[in-house]
1. In the set L146, L138, L176, which member is modelled with pLDDT of 95 or more and more than 30 Å from V48 (Cα to Cα)?
2. Given (1) assigned to a helix (DSSP H, G or I); (2) aliphatic (A, V, I, L, M); (3) in contact with a Gly (Cβ under 8 Å, 6 or more places away or on another chain); (4) closer than 30 Å to P228 by Cα, identify the lone condition not met by V118.
3. For residues that are surrounded by 10 or more Cβ atoms within 10 Å (Cβ to Cβ) and in a helix (DSSP H, G or I), scanning just segment 221-239, find the one that is farthest from the chain's Cα centre (by Cα).
4. Give me the pairs: first residue in segment 198-227 and in contact (Cβ under 8 Å) with a residue 40 or more places away in the chain, second residue surrounded by fewer than 15 Cβ atoms within 10 Å (Cβ to Cβ), beta-carbon distance under 6 Å, and six or more apart or on different chains, which are they?
5. Consider A144 carefully, then state whether it is within 30 Å of R27 (Cβ to Cβ), touching a Phe, Trp or Tyr at 6+ places or on another chain (Cβ under 6 Å) and either assigned to a strand (DSSP E or B) or in contact (Cβ under 8 Å) with a residue 40 or more places away in the chain (or both).
6. Kindly provide the set of residues from segment 75-113 that are of a type in the set (S, T, N, Q), touching a Phe, Trp or Tyr at 6+ places or on another chain (Cβ under 8 Å) and either under 22 Å from D36 (Cα atoms) or exposed (fewer than 14 other Cβ atoms within 10 Å of the Cβ) (or both), ordered by number.
7. Could you please tell me which pairs satisfy a Cβ distance under 7 Å, a separation of 6+ or placement on different chains, a first residue in segment 21-43 that is assigned to a helix (DSSP H, G or I), and a second residue that is among the β-branched types (V, I, T) and modelled with pLDDT under 95?
8. Got a number for residues in segment 51-81 being within 15 Å of the ligand (Cβ to nearest atom) and assigned to a strand (DSSP E or B)?
Amino acid sequence: MRVDVVTIFPEYLDPLRAALLGKAIDRGLISVGVHDLRDWTHDVHKAVDDSPYGGGPGMVMKPQVWGAALDAVCTEATRLVVPTPAGRPFTQAMARELAGEEHLVFACGRYEGIDQRVVDDASRRVRVDEVSIGDYVLVGGEVAVLVVVEAVARLLPGVLGNPRSAAEDSFSDGLLEGPSYTRPEVWRELAVPEVLRSGNHRLIDRWRRDQALRRTWDRRPELVEALPEDALDKHDREL
Ligand code: SAM
């Protein structure tokens, strides 16, 4: 997969090259380009923003600069992701969808955001998603890009050491994952649940399923309610 990010703060994206993602880059599973939006300005001040039509506080990012940048970076195969608090909520299902793409381009807004015509224009040539990573407002799109790219990259074949990790994580079956434990058996007088030490994998699977269901019901009941009719077995329903 190829990922290109356009931003006015390229250094903000340095973590893309760290840890697991860095290894995926080294192994050729993903390639990343980070581009400075100001490279597409033509004035001495390298201005990327201007005051908003209709008045109001803050500045809006200029369409001419963004248009030139996206014309240069996007191809026919591109799926353009524009982070914005006004976007569709980013979910694990969307991460899975994006993981199937060959080229993702991210446009990082700052200030009050990007002139809407940039998205409208790009939509005439490529697939565009305006995406929110949560119901809060960040200063810029860079952190949102780190979140989305990390969630997507770990789903690419070969990126995680054990592919079962992604398959069994929270949201893969619509539920939150239950609690995990490692050695020692007792720590600060807190013991690991007996069943996990039983060696009985049928019981362990059942226990994990129960924990996941209980935790999801307590913390995110709307996820349980959104499960398809046939997702819960008889035992699940009795919980
Ligand atoms: N005026 C915008 C609004 O009220 O919707 C907020 C703009 S915000 C200060 C600047 C930039 O941060 C946005 O253009 C976007 O790139 C990014 N951003 C902020 N919050 C975000 C969120 N929850 N999800 C994704 N991107 C976000």
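1. L176
2. (4)
3. H235
4. Close Cβ pairs (under 6 Å, with a partner that is surrounded by fewer than 15 Cβ atoms within 10 Å (Cβ to Cβ)) do not exist here.
5. Details: within 30 Å of R27 (Cβ to Cβ): yes; touching a Phe, Trp or Tyr at 6+ places or on another chain (Cβ under 6 Å): no; either assigned to a strand (DSSP E or B) or in contact (Cβ under 8 Å) with a residue 40 or more places away in the chain (or both): yes.
Considered against the rule, which asks whether it is within 30 Å of R27 (Cβ to Cβ), touching a Phe, Trp or Tyr at 6+ places or on another chain (Cβ under 6 Å) and either assigned to a strand (DSSP E or B) or in contact (Cβ under 8 Å) with a residue 40 or more places away in the chain (or both), A144 comes out as no.
6. Listed by number, the list holds a single entry, T91.
7. Note: pairs meeting the criteria are A24/V159.
8. Going through segment 51-81, the residues within 15 Å of the ligand (Cβ to nearest atom) turn out to be 51-63, 65-66, 69-70, 80-81.
Now narrow it down to the ones that are assigned to a strand (DSSP E or B): 60-61, 80-81.
Counting residues in segment 51-81 that are within 15 Å of the ligand (Cβ to nearest atom) and assigned to a strand (DSSP E or B) gives 4.
The values are calculated or read from the model by the stated rules, or taken from the named source; none is laboratory data. Everything quoted here is computed from the prediction, not taken from an experiment. Here the Cβ is made from the backbone with ideal geometry for all residues, glycine too, and neighbour counts use every protein chain on show.
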